[in-house]
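Below is one structure; the comments refer to it alone.
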Amino acid sequence: SPDPRLPTLARMVSPDAYVKVISVGVLRKRLKLKQPEFARLVPISQRSLATLESGAPPTPAIARRLTELERLMDALSEIIQEESLGTWLQTPNDAFDGLKPIEVIDRGEADRLWEMIYDLRSGIPS
């Protein structure tokens, strides 16, 4: 049974979604992104991000998006040093036609990053 101390809305979303609330700030800091940049990736307003970071439960759609971002970052950290991940995300990259990887994600084209990860994992030359 749900913890009665949790906010009412938190009981309306799945327990998995509530767990993601705890990791929102951790994920953002892991990526070394400021709130405006991270909010753009989710995509939510800065105010909504601040609310999530203070403990409010995400909607199922936001929880899903956070899970997708976390999976992508986990995969990227296999090929890019964790401490360099935030910088890499914000650096223009020829592999993405000069776009920053964060811009590629923001445009809804994260599949381009997944393709790069696949190619690097499998040893396929670009």
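Note on the range 29-61: residues that are of a type in the set (Ser, Thr, Tyr) and either part of a helix (DSSP H, G or I) or in contact with a Cys (Cβ under 8 Å, 6 or more places away or on another chain) (or both) total 2.
If the condition is being closer than 20 Å to ARG65 by Cβ and open to solvent by 80 Å² or more (accessible area, probe 1.4 Å), then the range 91-114 contributes ARG107, ASP111, TRP114. Consider ILE79 carefully, then state whether it is touching a helix residue (DSSP H, G or I) at 6+ places or on another chain (Cβ under 6 Å) and surrounded by fewer than 15 Cβ atoms within 10 Å (Cβ to Cβ). For ILE79, the condition - touching a helix residue (DSSP H, G or I) at 6+ places or on another chain (Cβ under 6 Å) and surrounded by fewer than 15 Cβ atoms within 10 Å (Cβ to Cβ) - is met.
The values are calculated or read from the model by the stated rules, or taken from the named source; none is laboratory data. Computed from a predicted model, the values in this text were never measured in an experiment. Cβ sites come from the backbone with ideal geometry, for glycine too, and all protein chains shown count toward neighbours. Ligands, DNA and RNA are stripped out before the accessible areas are found, and what is left, the full protein with its side chains, is counted by its heavy atoms. Shrake-Rupley method; radii C 1.70, N 1.55, O 1.52, S 1.80 Å.
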